[in-house]
Amino acid sequence: MRSSGWRRFGWYVWDQGPGLPGDWQGRLAPSHEFIFHFNRSPRKPHKTVPSKHAGETLGSGGLRGADGTVHAKTGSGNAIQSHRIPDSVFRIMRHKGGLGAAGSHPAVFPVALVDAVLTAFCDPGDLIYEPFCGSGTQLVAAERAGRSCFAMELDPVYCDVAVRRWEMVTGRVATVVPN
């Protein structure tokens with residue numbers, strides 16, 4: 001990936017909620033997954049999370065530097081903005097239940113998770129590439145967020161699942177684009 005210009009830009013955590021049931025051979029029950037963010041050039045995230053104290057005046061406190069001195073916060077005395085950038089932990093429950101008439105897939109990701117990442121780093125109208133389409137979560141999230149998505153899936157069964165899921169969400173019929 002590096003030879004093609006890609007680099008690991010961020011490392012985030014998906015907090016899936018309560019741990020998975022079962023015997024984990026003495027280990028704690030898994031309740032998170034890592035999300036690795038690769039890009040070719042830095043891009044600032046959009047402010048997509050509503051600020052808890054929007055409109056209030058930012059206090060005059062500060063941050064302690066390595067030398068022990070306290071430096072004023074950036075923006076002290078200014079009003080807090082309506083939205084902020086997401087933090088590095090996405091607190092979104094796992095997808096529960098099946099896909100209904102679309103079929104089944106062993107690893108369905110929640111649309112809200114993909115939407116959170118997508119809207120933080122992509123503009124409306126942007127093109128998204130999904131090399132592991134699976135159940136079509138990225139297709140659905142891109143559609144809802146006003147982005148275009150080119151997706152690929154090697155397993156024909158899962159291609160059908162993704163297409164049916166997209167059709168169910170959009171109410172439209174997918175068409176094959178000739179080469």
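Considering only D67, D126, D15, give the residue with the highest GNM mean-square fluctuation for the chain, with springs between Cα atoms whenever their separation is below 10 Å.
Most flexible of the set in this elastic network: D67.
For every helix of n ≥ 4 consecutive DSSP H residues, a contribution of -39,500 (n - 2.57) applies; sum these over the chain, divide by its total residues, and give [θ] at 222 nm rounded to the nearest 500 deg cm²/dmol.
Calculated at 222 nm, the ellipticity per residue is -6000 deg cm²/dmol.
Cut-off is 10 Å between beta-carbons; in what order do R91, R165 appear when sorted fewest neighbours first?
By the 10 Å Cβ count, ascending, the order reads R91, R165.
In degrees between 0 and 90, to the nearest 10, how far off the longest principal axis of the chain does helix 111-121 point, with axes built from Cα atoms?
That works out to roughly 50 degrees.
If you average over every viewing direction, what projected area does the convex hull of the Cα atoms of the chain give, in nm²?
Result: 16.4 nm².
Which distance in nm do the two modelled labels at M168 and H32 give, with both placed 7 Å along the Cα-to-Cβ direction?
So the two model labels end up 3.1 nm from each other.
At q = 0.12, 0.24 Å⁻¹, what base-10 log of I(q)/I(0) does the Debye formula yield for the range 1-75 when every alpha carbon is treated as an equal point scatterer in vacuo?
The computed values of log10 I(q)/I(0) come out as -0.77, -1.06.
What nm value, rounded to one decimal, do you get for the distance between L154 and H46 when each label is placed 7 Å out toward the C-beta?
3.3 nm
Can you sort T69, T57 by how many other beta carbons sit within 10 Å, fewest first?
T69, T57
Since every read-out is calculated from the coordinates, none of them should be taken as a lab result. Note that the structure is a prediction, hence the values are computed from the model and not measured. Positions of Cβ are generated from backbone atoms using ideal geometry, with glycine treated the same way; all protein chains shown enter the neighbour counts.
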